[in-house]
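K.L.:
Just dropping this structure here.
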Amino acid sequence: MNFTPLTGSNSHEGFCLIKTVEKKLTAKGVPYLDLVLADNSGEISAKLWDYKETPSNQFKVFDFVKVRGSYVPFNDVIQFRVERIRPVMPEDDVAIEDYVPSACLTGEIMLAEIEKVIDSFNDEELKTLVRAVVSEYREKLLYWPAAKNLHHAVRSGLLMHTLSILRLAKCVCSIYRFVNYDLLCSGAILHDIAKIEEMQASVTGIAAEYTVKGNLLGHLVMGAMCVDRIGRELGISEETLTLVEHMLISHHGTPEFGAAKLPMFIEAELLSQLDLMDARLYEMHSAVEAVDEGAFTPRQWALENRNLYNHGKSVSGEVVLIEE
């Protein structure tokens, strides 16, 4: 944890996120809070003893707080004993992106680039449709993660994943001139938009759990439903809606991975492949950078249980979206 030691004492203080919190009782019946605190360096189990609940000190999951306390050993594990805790206030002048895992660009920068691409479309129906769907979710898009775990499960991760695929799509279209640029880019922008309805998250950008509809329907189907609803309200043609909806329900490639249909035209196939590519590269990079040069990672179950090798020849140590 990135807590700062206080001069002349054993105490440390800093800003962090409450990842879990539960009110419990000691053996003597005294209330205390059992917490997990997290920042962008990791997480730690914490205890707030002799907890006296008042309207001003009720804490919940994903609260952004300032804490002071000390590190203490417990059963061979270091815990954090909380001495003081309060919500972060404006005068603290801290940005949440500095304390939770976040995308390498701000949501505002990424969304501005995506909207610039939408404005460049020649197909007026696709321009109108995509602009309207993005507008409906604009506020949450700025901080929403792309997943609860695995790829792009960070603040603004959904936009980071979307922009990566969009940039890949633009490169593909510069090579394969027969690909419909507007259609492929539309699919790239909208393919995961329903993750905003699939998962519960807060402005911290950390996903808590899946919604009921998310569990029962999933973001592929929910995305197609959203496009169909908004498209019909706007009077978008049946043909355009069908093409976009097919791209959304097929972008996981096969039924084994949740696709309702196999991709059945070029842009749908490209979207599926680019989506898989970006997700895998993110997961591989995250795994490899966690081990030393010349070492192998533990088995990665999401990547066919492979042990990945860190050859140490990376250009940089982090995922970077290069501005054009």
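K.L.:
Once both axes come from the Cα atoms, what is the angle between helix 157-175 and the longest principal axis of the chain, in degrees from 0 to 90, rounded to 10?
P.N.:
That helix lies at roughly 30 degrees to the long axis.
K.L.:
Expressed as a rounded percentage, what relative contact order does the chain have, with Cα pairs under 8 Å and six or more residues apart? The partial results should precede the final answer.
P.N.:
Details: 570 pairs, mean separation 36.0, N = 324.
Relative contact order, the chain: 11 percent.
K.L.:
Under the 0.36 nm per residue contour assumption, what length would be gained going from the current alpha-carbon distance of Trp301 and Asp34 to full extension? Working shown, then result.
P.N.:
Values: separation 267, 0.36 × 267 = 96.12 nm, distance 3.06 nm.
Taking Trp301 through Asp34 to full extension adds about 93.1 nm, to one decimal.
K.L.:
Related question: Once you have a ≥ b ≥ c as the square roots of the Cα gyration tensor eigenvalues for the chain, tell me rounded if a/c is under 1.5, and otherwise prolate or oblate according to whether a/b is larger than b/c. Don't skip to the end; give the middle numbers.
P.N.:
Details: a/c = 2.25, a/b = 1.80, b/c = 1.25.
Prolate shape, in that a/c is at least 1.5 and a/b is the bigger ratio.
K.L.:
Got the relative contact order for the stretch 101-212 handy, in percent, Cα pairs under 8 Å and 6 or more residues apart?
P.N.:
Relative contact order here is 30 percent.
K.L.:
Using Cα atoms only, what is the angle between the long axis of helix 181-190 and the major principal axis of the chain, expressed in degrees (0 to 90) to the nearest 10?
P.N.:
Approximately 30 degrees, to the nearest 10.
K.L.:
What is the stretch 1-144's relative contact order, in percent, from Cα pairs under 8 angstrom and six or more apart in sequence?
P.N.:
On the way: 217 pairs, mean separation 27.6, N = 144.
Relative contact order comes out at 19 percent.
K.L.:
While we're looking at this one, here's another question. Per residue of the stretch 25-33, in order, report the coupling 6.51 cos²θ - 1.76 cosθ + 1.60 (Karplus, θ = phi - 60°) as ³J(HN,Hα) in whole Hz, putting x for Gly and Pro.
P.N.:
10, 6, 4, 8, x, 8, x, 8, 9
K.L.:
Leaving ligands, DNA and RNA out of it, report the carbon-plus-sulfur percent of the accessible area of the chain at a 1.4 Å probe. Provide the component values of the computation, followed by the final result.
P.N.:
Values: 9310 of 17290 Å².
Looking at the chain in its full context, I get 54 percent from C and S.
K.L.:
Determine the per residue accessible area of the chain with all protein chains present and a 1.4 angstrom probe, expressed in square angstrom.
P.N.:
Details: 17290 Å² over 324 residues.
Accessible area per residue, the chain: 53 Å².
K.L.:
Continuing with this model, one more query. In whole angstrom, how far apart do the alpha carbon centroids of the stretch 214-281 and the stretch 46-77 sit?
P.N.:
44 Å
K.L.:
Under the classification rounded if a/c is under 1.5, otherwise prolate if a/b is larger than b/c and oblate if not, where does the stretch 1-122 fall, given a ≥ b ≥ c as square roots of the Cα gyration tensor eigenvalues?
P.N.:
On the way: a/c = 2.59, a/b = 2.17, b/c = 1.19.
It is prolate, given that a/c is not under 1.5 and a/b is the larger ratio.
K.L.:
Still on this structure: Set the Förster radius R0 to 22 Å, insert the Cβ-Cβ distance between Phe178 and Asp123 as r into 1/(1 + (r/R0)^6), and round the FRET efficiency to 0.05. Don't jump to the answer; show the numbers that get you there.
P.N.:
Details: r = 16 Å, r/R0 = 0.72.
Result of the calculation: an efficiency of 0.90.
K.L.:
Can you sort His251, His151 by 1.4 Å-probe accessible area, starting with the largest?
P.N.:
Values: His251 0, His151 25 Å².
Correct descending sequence by accessible area is His151, His251.
K.L.:
Within 12 Å, Cβ to Cβ, of Asp92, how many net charges do the neighbouring residues add up to if Lys/Arg are +1 and Asp/Glu are -1?
P.N.:
Working: positive: Lys66, Arg86; negative: Glu13, Glu91, Asp93, Asp98.
With Lys, Arg at +1 and Asp, Glu at -1, the neighbours total -2.
The values are calculated or read from the model by the stated rules, or taken from the named source; none is laboratory data. Quick caveat: nothing in here was measured; it's all calculated off a predicted structure. Neighbour counts are summed over all protein chains in view; Cβ atoms, including those assigned to glycine, are modelled from backbone coordinates with ideal geometry. Quick note on the areas: whole protein, heavy atoms, side chains included, nothing else; ligands and nucleic acids left out. Shrake-Rupley method; radii C 1.70, N 1.55, O 1.52, S 1.80 Å.
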